[in-house]
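So the structure is just underneath, and the comments pick up after that.
The values are calculated or read from the model by the stated rules, or taken from the named source; none is laboratory data. These numbers were taken from a predicted model, which means no experiment stands behind them. Neighbour counts run over all protein chains shown; Cβ positions are idealised from the backbone, glycine included. All accessible areas refer to the heavy atoms of the entire protein, side chains included, with ligands and DNA or RNA removed. Shrake-Rupley method; radii C 1.70, N 1.55, O 1.52, S 1.80 Å.
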Amino acid sequence: DALRQASLSSNVQVYSSSSVDSKGEITDSMQLRSSQLIESSEIISETIKDDILTLTIRAKINEPGDSCDFTAAQYRKKIAATLFQLQHPEHLGVVDYYNFDKGISTEILKRLSKTGNYLTREANDISLYETPSQAPFISKVTATDDTLLSQIALNRNVQYVISGVIRDLSAEIESDRSNYTSYLPSFNAFWGNQRKATKRNLVIDFFLHDTLTGELLSKTHYSHSVYDTNVIPEQTIAFGTKAFFDTPYGQLFDRILNLETANIQKLLSCRPFTMKVIDQKDGKLYLDAGISNKVRAGDVLTIYIPDKPGEVFGVTGSVDQFGSPKTSIKINQVYPAYSTAIAESGSFSNQDIINGFLIAW
């Protein structure tokens, strides 16, 4: 409620409608809706008095020019992050930072979740790229690009997937400080010779896919270096911990993660939001999105039915194409994890609706 009030205080759209039933009785309804996006928020204080919780928050709200003015912007989109593979594992020593591969996905999901605009799913048990050097090309023996993404979408119930490859974590040793041979980097790292390094590189790529279409929506590349006498830690430090982010190397990672979080926010804020019909009973359609997705009674969505395999937005594979819209539905009841809706008249079968997607544009 605090987030809603903060959003409405910035910009409000009023929707009103009137309907006449068979007895001639008129029913009026009105909805207040904000087109503003809340980028981030934090709780300032909480008090309880007479069983009433009073909450004070601080929220950062997009300027009107940066917001979407259509329905898709209001919903919390479902997003997962997979394992971040190391292209050169030998760049890490025995006593060094660790847990980059799983920690990066966990940390970026945490930052996206704090914005209030996403439902996040861990998928750091999944390695999206068989050959990290060739990413973002997804190569699997038994699965095409879009099929692998579709499996993630099904198993994690998400539309968008973040992935990435860590290209370079190497440390550089000044030649006059090295007592060991320079052509045995793994040997030097094992015996701690890299602790004489004063420079460490960080090269990382982030990729964002839409599992519905197989599109690669974003590819961002970050290449930086840190100059410090302690670029190699004196003890093992896990990625994502306070001890890690207190180091110069961790502070560089922090800045990159903030930049990429902002990039994903900007890219997905106006992307279509999709739901699926999971069941229908007694004339009602049951949808896989509810209060947690910011779905509201009265929302109207369009049903698109896949009509044939083929090319979707330039992606050739087994993903089905979407034909013309078949009908629209209006949500009438909303629950925490799902909602119900009634379909308007249209050309579709029951099986079509179960297999189709509901898209808010």
**Asked** Just one of ILE291, ILE342 is open to solvent by 70 Å² or more (accessible area, probe 1.4 Å), at pLDDT 70 or above and touching a Pro at 6+ places or on another chain (Cβ under 6 Å); which is it?
**Response** ILE291
**Message:** Any residue that is under 19 Å from VAL95 (Cβ atoms), in contact (Cβ under 8 Å) with a residue 40 or more places away in the chain and assigned to a helix (DSSP H, G or I) - is there at least one of those in the stretch 230-243?
**Reply:** no
**Request:** Out of the residues in the stretch 195-221 that are open to solvent by 30 Å² or more (accessible area, probe 1.4 Å) and under 27 Å from the mean Cα position of the chain (by Cα), state the one that is nearest to LEU86 (Cα to Cα).
**Result:** HIS221
**Message:** For the stretch 252-275, check the following and say yes or no: at least one residue is touching a strand residue (DSSP E or B) at 6+ places or on another chain (Cβ under 6 Å) and at pLDDT below 65.
**Reply:** no
**Fill in**
Taking the stretch 258-291 and keeping only residues that are in a helix (DSSP H, G or I) and within 20 Å of ILE108 (Cα to Cα), one is left with ASN258, LEU259, GLU260, THR261, ALA262, ASN263, ILE264, GLN265, LYS266, LEU267, LEU268
**Fill in**
In the stretch 110-133, anything outside any loop (DSSP other than H, G, I, E, B) and in contact (Cβ under 8 Å) with a residue 12 or more places away in the chain is listed as ARG111, LEU112, LYS114, TYR118, LEU119, THR120, ARG121, GLU122, ALA123, PRO132, SER133
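Suppose the filter is more than 19 Å from ILE162 (Cβ to Cβ) and modelled with pLDDT of 90 or more; does LEU92 pass it?
yes
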**Request:** Under 9 Å between Cβ atoms, at least 6 apart or on separate chains: pull out the pairs that start in the stretch 39-53 with a residue that is acidic (Asp, Glu) and end on any residue that is open to solvent by less than 80 Å² (accessible area, probe 1.4 Å) and part of a strand (DSSP E or B).
**Result:** GLU39/ALA59; GLU39/ILE61; GLU42/ILE57; GLU42/ALA59; GLU46/THR54; GLU46/LEU55; GLU46/THR56
**Request:** Tell me, yes or no, whether the stretch 223-231 has at least one residue that is in contact with a strand residue (DSSP E or B) (Cβ under 9 Å, 6 or more places away or on another chain), within 21 Å of ALA81 (Cβ to Cβ), open to solvent by less than 30 Å² (accessible area, probe 1.4 Å) and not basic (Lys, Arg).
**Result:** no
**Request:** Scan the stretch 207-234 residue by residue and report those that are polar (S, T, N, Q) and modelled with pLDDT of 90 or more.
**Result:** SER218, THR220, SER223, SER225
